[in-house]
2 protein chains.
Amino acid sequence: MLHLNAFLMGVGHHEAAWRHPRTDPSLVNDVRHFQNLATIAERGAFDSVFLADGVQIWGDVQHTAAGKFEPITLLTAMAAATTHVGLIATASTSYTEPYNLARLFSSLDHISGGRAGWNIVTSAGDRAAQNFNRDAVADHAERYERADEFLDVVTALWDSWDDDALVVDPASGVFADPDKVHEINHRGRFYQVRGPLNAVRSPQGRPLLVQAGSSEDGKAFAARHAEAVFTAQQTFEEGQAFYRDLKSRLAANDRLPDELKVLPGIVPVLGSTEAEARRLSDELDELIVPVRAVRQLSELIGVDLNDHPLDAPLPPLPPVTHINGAKSRFELVRDLAERDKLTLRQLIGRLGGGRGHQVIAGTPVQIADHIQRWHEGGAADGFNVMPPLLPSGLEEFVDHVIPELRRRGLFRTGYSADTLRGHYGLARPVGRFERISR
Amino acid sequence: MLHLNAFLMGVGHHEAAWRHPRTDPSLVNDVRHFQNLATIAERGAFDSVFLADGVQIWGDVQHTAAGKFEPITLLTAMAAATTHVGLIATASTSYTEPYNLARLFSSLDHISGGRAGWNIVTSAGDRAAQNFNRDAVADHAERYERADEFLDVVTALWDSWDDDALVVDPASGVFADPDKVHEINHRGRFYQVRGPLNAVRSPQGRPLLVQAGSSEDGKAFAARHAEAVFTAQQTFEEGQAFYRDLKSRLAANDRLPDELKVLPGIVPVLGSTEAEARRLSDELDELIVPVRAVRQLSELIGVDLNDHPLDAPLPPLPPVTHINGAKSRFELVRDLAERDKLTLRQLIGRLGGGRGHQVIAGTPVQIADHIQRWHEGGAADGFNVMPPLLPSGLEEFVDHVIPELRRRGLFRTGYSADTLRGHYGLARPVGRFERISR
């Protein structure tokens with residue numbers, strides 16, 4: 001069975017979405033808009049909804065549809081409006097304390113009845129670092145080393161109360177069995193944390209772990225920790241290669257192929273005919289503000305292109321070893337520009353729909369064909385669906401693409417589980433201290 | 001007009017609440033319980049509800065009704081169930097980054113439509129420190145110095161988008177006016193933060209600032225920053241003295257007396273007759289587990305009494321200058337034990353209802369008399385209401401005490417404002433960068 005995640009961003013993933021007449025830009029900052037989107041995703045029986053995040057102003061303030069919500073709180077509000085759909089928030093391992101983040105995700109998992117997921121990021125860029133007592137970002141490898149240790153601490157804290165630690169016996173006055181509540185006594189290179197967490201174990205045991213970096217460090221990290229991976233892949237062959245690569249790394253970590261789901265991003269620009277879809281795509285691309293797009297591209301790949309002429313080919317780019325940002329996205333953009341010999345203006349046009357994710361303009365049948373091909377061809381366990389316009393693009397996907405996928409027997413007709421882990425077909429982890437005591 | 005805050009804690013403030021037949025201890029960990037409590041408080045037109053917090057296991061694991069929710073997420077869920085009541089979360093300045101905390105509170109303020117408040121604490125105790133890379137807690141004065149700087153950073157971040165920074169003009173592609181979005185460029189002793197916050201200014205401009213420490217450092221801090229103060233005062237005279245003291249410190253900070261509201265805690269043990277109220281009070285005290293109460297007391301005052309005989313008077317206590325925890329609570333407990341010549345067992349009985357806050361068993365009229373006396377006698381702008389049992393104690397207060405207060409013209413009959421600041425009669429702050437540019 002296919003897995004579908006709805007990646008929600010403002011009023012749509014196309015960078016000019018807020019300028020298009022089919023969106024209402026005031027919704028970017030309206031909590032009811034996000035509750036509505038979660039409700040639509042749940043109507044389609046999506047596995048989950050997902051919010052990206054950064055801990056800095058991103059892109060060009062003047063031309064970017066600025067948000068205002070922090071993802072964990074926003075998903076908590078969306079939890080109140082839904083009952084089944086999973087809720088995945090992005091949060092950084094570089095600029096927060098593991099005890100605090102473990103608590104926030106545990107709390108979201110409790111509040112939502114087992115629907116929380118964490119998209120783990122390490123936060124590229126000096127702008128983020130400068131909001132957290134640093135002049136510059138740590139290098140890529142160190143960020144991942146820190147992230148590894150951070151994950152050890154957080155999962156230990158989530159496990160620090162055994163599932164059956166609560167006794168709750170008013171007669172004797174015993175609320176919990178202290179032998180089932182564990183200090184974690186972590187002492188590592190970056191963190192020293194005693195524990196236990198001040199929260200009983202959450203419905204999923206551990207919130208779902210998601211990861212999106214596709215660099216070497218990122219893939220190694222995913223193979224150790226991630227249960228779902230969001231990735232940007234431009235071609236079917238690249239998608240197959242990435243899928244095989246990632247799955248092949250699991251055995252060395254004592255994991256089975258099914259314990260990690262690979263979900264490439266797709267921006268479905270839908271129309272009732274292909275021509276109608278292309279018209280919408282063109283309308284959107286014409287609304288791109290080049291100065292904004294170049295600034296966003298510069299941040300995305302970690303190379304300053306702001307003063308580069310729009311109608312010239314890209315300048316020579318540094319080797320990827322010199323890139324301290326999103327290495328895999330840098331390579332994707334470099335390869336795309338080289339392969340199709342694009343000027344900067346052409347490149348931002350190609351990236352405007354999905355920041356490097358595949359943009360496909362077509363009918364619901366054509367989108368379903370694409371999804372089926374990737375799924376059956378060993379390139380995807382499912383898709384990270386990125387509607388170009390919101391809510392309309394999500395509604396169209398739910399009303400027209402999902403029924404087509406169901407007709408083909410590829411997607412569930414309703415929820416058969418109550419938790420996010422259940423939707424993704426993943427087991428509930430046994431706590432590490434329970435393992436020891438058994 | 002009187003101000004009322006409902007301090008919510010598990011199934012009640014009495015430390016044995018969960019053992020009493022009038023509570024259901026499973027509700028301690030049920031989000032619907034807290035949504036129900038917020039709804040009851042809103043039915044009574046309370047100014048706000050409030051959640052305490054610590055970043056460690058508190059008290060005795062075996063005998064304490066352990067929770068599992070983090071306050072900001074829990075209040076977000078409560079926001080979804082209500083429309084008017086204010087939502088105040090405790091959070092520490094010692095173990096979190098100002099950028100992260102500014103975002104979380106801004107997000108809660110946006111989601112709730114202007115109902116967020118922050119109870120600022122500095123987190124006493126080594127157990128908390130040991131969850132955050134430290135062996136021991138920093139000393140009291142340093143914690144407050146850090147808190148001062150933390151407040152400067154957080155309020156600057158909240159102000160970093162002018163109120164009118166958003167343009168949202170699809171035709172020109174201009175979403176925001178970059179001249180109205182400000183870097184804060186803070187470089188201090190503890191923090192270095194560039195900004196701006198990645199969130200537009202919130203409905204209240206700044207969430208309400210609340211403080212609860214009543215030590216010298218705490219009072220000086222409150223006079224600089226706090227707009228509401230929760231405090232524990234055992235007698236009317238002490239309450240008056242504290243009230244006068246705090247209000248007298250405002251002028252030196254260019255503030256008016258009305259810009260800070262003083263709310264002493266009160267645990268109303270209600271009965272339809274005084275005898276009935278006393279019976280409930282006795283029932284609860286009989287359910288106290290001494291080992292738990294002594295452990296909690298030890299943590300509360302920062303002196304280890306766990307091995308002290310229950311039926312002996314307190315041992316000689318160190319001078320308050322040696323106490324690195326909650327200094328004012330230490331003094332309150334010391335004075336109470338000395339004044340009434342209490343054994344340890346008697347002391348934990350006296351503290352079991354409210355951890356040092358005033359416990360009053362009586363009829364609704366008697367409770368209203370007490371509130372009126374303190375309010376009219378210059379000892380309180382309102383009260384921090386701490387029901388011994390939840391939800392029943394809050395329901396009784398709303399159904400019987402509030403109507404009595406309304407009959408006397410002391411409390412609002414309904415909400416006349418939409419924001420937490422509005423309920424407390426506090427102005428919406430002008431952003432500091434707007435001040436400069438005007």
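The convex hull around the C-alpha trace of chain A, projected and averaged over every direction, spans 21.7 square nanometres. Each copy carries a label point for B:Ser416 at 7 Å from Cα along the beta-carbon vector; from one copy to the others these points are 6.0 nm apart, nearest first. Phi-derived couplings, Karplus 6.51 cos²θ - 1.76 cosθ + 1.60 at θ = phi - 60°, listed residue by residue for the stretch A:256-270: 8, x, 6, 7, 9, 9, 9, 10, x, x, 9, 9, x, 8, 9 Hz, with x used for Gly and Pro.
A simple spin-label model places the labels of B:Asp24 and A:Val168 1.0 nm from each other, with each point 7 Å out along Cα-to-Cβ. Computed from the Cβ-Cβ distance with R0 of 30 Å, the FRET efficiency linking A:Asp177 to B:Asn306 stands at 0.90. Of the trypsin sites (Lys or Arg not before Pro) in the stretch B:153-198, the ones in a loop by DSSP (not H, G, I, E or B) with at most 14 other beta carbons within 10 Å are B:Arg189. Legend: mean number of C-beta atoms from other chains within 10 angstrom of residue C-beta atoms, peptide A:59-65, equals 5.
Annotation: the residues B:Val168, A:Val262, A:Val61, A:Val193, sorted from fewest to most other C-beta atoms within 10 Å of their own C-beta, follow the order B:Val168, A:Val61, A:Val193, A:Val262. Comparing B:Pro71, B:Pro388, B:Pro315 in a Gaussian network model of chain B where C-alpha atoms under 10 Å apart are linked, the largest mean-square fluctuation is found at B:Pro315. Among the chymotrypsin sites (Phe, Trp or Tyr not before Pro) within the stretch B:351-413, not one is in coil by DSSP while having at most 15 neighbouring Cβ atoms inside 10 Å. Inter-copy label distances at A:Arg22, using a point 7 Å along Cα-to-Cβ, come to 6.0 nm with the shortest given first.
The stretch B:403-438 and the stretch A:153-172 have Cα centres separated by 41 Å.
Using the alpha-carbon centroid of each, what span in Å lies between the stretch A:234-264 and the stretch B:7-41? About 47 Å separates the Cα centre of the stretch A:234-264 from the one of the stretch B:7-41.
Gain on full extension, evaluated as 0.36 nm per residue between A:Arg32 and A:Arg435 minus their Cα-Cα distance, stands at 140.8 nm.
Over 44 Å, how big is the tail of the calculated P(r) for the protein assembly as shown, in percent of all Cα pairs? Tail fraction, whole percent: 30. If you run the Gaussian network model on chain A, springs between alpha carbon atoms under 10 Å, then out of A:Asp285, A:Asp162, A:Asp139 the most flexible one is A:Asp139.
Note on A:Val291 and A:Asp245: their simple-model spin labels are 3.7 nm apart, each label 7 Å out from Cα toward Cβ.
Helix-only mean residue ellipticity at 222 nm, the protein assembly as shown, DSSP H runs n ≥ 4 weighted -39,500 (n - 2.57), per residue, nearest 500. What is it? So the calculated ellipticity at 222 nm is -11000 deg cm²/dmol. Take each residue in B:101-110, count the other chain C-beta atoms within 10 Å of its C-beta, and the mean is 5. Across identical copies of the chain, A:Asp399 has label-point separations of 4.8 nm, listed in ascending order, with the point defined 7 angstrom from Cα along Cα→Cβ. Among B:Met1, A:Met9, A:Met78, the order by Cβ neighbours within 10 angstrom, fewest to most, reads B:Met1, A:Met9, A:Met78. In sequence order, the stretch A:125-137 has phi-based couplings of x, 6, 4, 5, 4, 6, 8, 9, 6, 10, 8, 8, 6 Hz under the Karplus curve 6.51 cos²θ - 1.76 cosθ + 1.60, θ = phi - 60°, and Gly or Pro positions carry x. If I take all pairs of Cα atoms in the stretch B:289-351, what percentage of them are more than 20 Å from each other? Across the stretch B:289-351, Cα pairs with separations above 20 Å total 15 percent. Extending 7 Å from the Cα toward the beta-carbon at both A:Glu216 and B:Glu276 defines two label points whose distance is 7.7 nm. Within the listed set A:Gly425, A:Gly302, A:Gly173, the residue fluctuating most in the Gaussian network model of chain A (springs between alpha-carbon atoms under 10 angstrom) is A:Gly173.
Can you figure out the FRET efficiency of A:Arg134 with A:Arg407, using R₀ = 51 Å and their beta-carbon distance, to the nearest 0.05? That pair, A:Arg134 with A:Arg407, gives E of 0.45.
The loop-placed trypsin sites (Lys or Arg not before Pro) in the stretch A:60-163, going by DSSP, that have at most 16 neighbouring Cβ atoms within 10 Å of their Cβ come out as A:Arg134. For the segment A:77-89, counting C-beta atoms of other chains within 10 Å of every residue's C-beta and taking the mean gives 2.
Values in this text are rule-based calculations from the coordinates and carry no lab data. Just so you know, these numbers come straight off a predicted model, no measurement behind them. Ideal geometry is used to build each Cβ from the backbone, glycine not excepted, and the neighbour counts take in all protein chains shown.
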